[in-house]
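The values are calculated or read from the model by the stated rules, or taken from the named source; none is laboratory data. This one's a predicted model, so the numbers in the text were calculated from it and none came from an experiment. Quick reminder, even Gly has a Cβ in these numbers, built from the backbone with ideal geometry, and neighbours come from all protein chains shown. Each accessible area value is taken on the protein alone, full model and side chains, heavy atoms only, with ligands, DNA and RNA left out. Shrake-Rupley method; radii C 1.70, N 1.55, O 1.52, S 1.80 Å.
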Amino acid sequence: MPMDQSNIVKMYSDFKSPYAYLAFKPGMGLVDKFNVTVKWRPFQLRLKGKGQRSIYSEWKVKYSYMDARRHANRLYDGQILRGPLKIFDTTPALIGGLFAEKHGDLITYCEAVFAKFFEREFAADDANEVAQLIKTMGLRKDDYFNYLNGEGANDLEASLDEAAEDHIFGVPIFVFKGEQFWGADRLWLLEETLKEAGLARNDVL
């Protein structure tokens, strides 16, 4: 079945969100169940640091990581998921995702970044660490740096502009025909919507 704009599912994501991590694998896997194209879109969450949030927000953050760990234990076979020790500006890593996407390695890159970040083994705000990861994937560090300092910044800005048009306020948010589905726990509802749209793949029914 040929793909067109009506078959696109956007997935807005940021590497510092544990819920974006939980949504990434099943989100990209929608192509195995439905005649859709999943379009990954980087989005920079603007979060308050510890001491800047109300006590209720602090409790919410603690709960969020506890809840994400429970899901990660099921989805990723005991994957270690530790909350980051600071608020990261993930711009270098997000542009790295766009770079990897241009080279056909988006999924490999994102899965590695998410896993390493939530094991506290990867600084998503450090372009040198991103470049090193890029190198382990067989891509050129210099090409990444050139992209980071040039076209990549423009591509990320275009994604953020697109997010504003789609009224994106957090991650993960999936968008299908203008309708939003917020959170990994709303993937079932997105799948129901895709079925109702007649996009289920016959070979997996």
For region 17-24, state whether one or more residues are on the phi < 0 side of the Ramachandran plot and at pLDDT 95 or above. yes
Counting only residues that are open to solvent by 30 Å² or more (accessible area, probe 1.4 Å) and within 19 Å of the chain's Cα centre (by Cα), which one in region 185-203 is nearest to LYS33 (Cα to Cα)? GLU191
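Quick check on PHE117: is it within 16 Å of the chain's Cα centre (by Cα), over 18 Å from LYS10 (Cα atoms) and open to solvent by less than 10 Å² (accessible area, probe 1.4 Å)? Even if it seems obvious, please write down each step before you answer.
Values: within 16 Å of the chain's Cα centre (by Cα): yes; over 18 Å from LYS10 (Cα atoms): yes; open to solvent by less than 10 Å² (accessible area, probe 1.4 Å): yes.
Answer is yes for this residue.
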Answer yes or no: is there a residue in region 37-52 that is open to solvent by 30 Å² or more (accessible area, probe 1.4 Å), of a type in the set (S, T, N, Q), at pLDDT 95 or above and touching a strand residue (DSSP E or B) at 6+ places or on another chain (Cβ under 8 Å). yes
Members of region 100-114 that are more than 13 Å from PHE15 (Cβ to Cβ), charged (D, E, K, R) and surrounded by fewer than 16 Cβ atoms within 10 Å (Cβ to Cβ): LYS102
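Quick check on ASP143: is it in contact with a Leu (Cβ under 6 Å, 6 or more places away or on another chain), surrounded by 14 or more Cβ atoms within 10 Å (Cβ to Cβ) and part of a helix (DSSP H, G or I)?
Working: in contact with a Leu (Cβ under 6 Å, 6 or more places away or on another chain): no; surrounded by 14 or more Cβ atoms within 10 Å (Cβ to Cβ): yes; part of a helix (DSSP H, G or I): yes.
So ASP143 fails the test.
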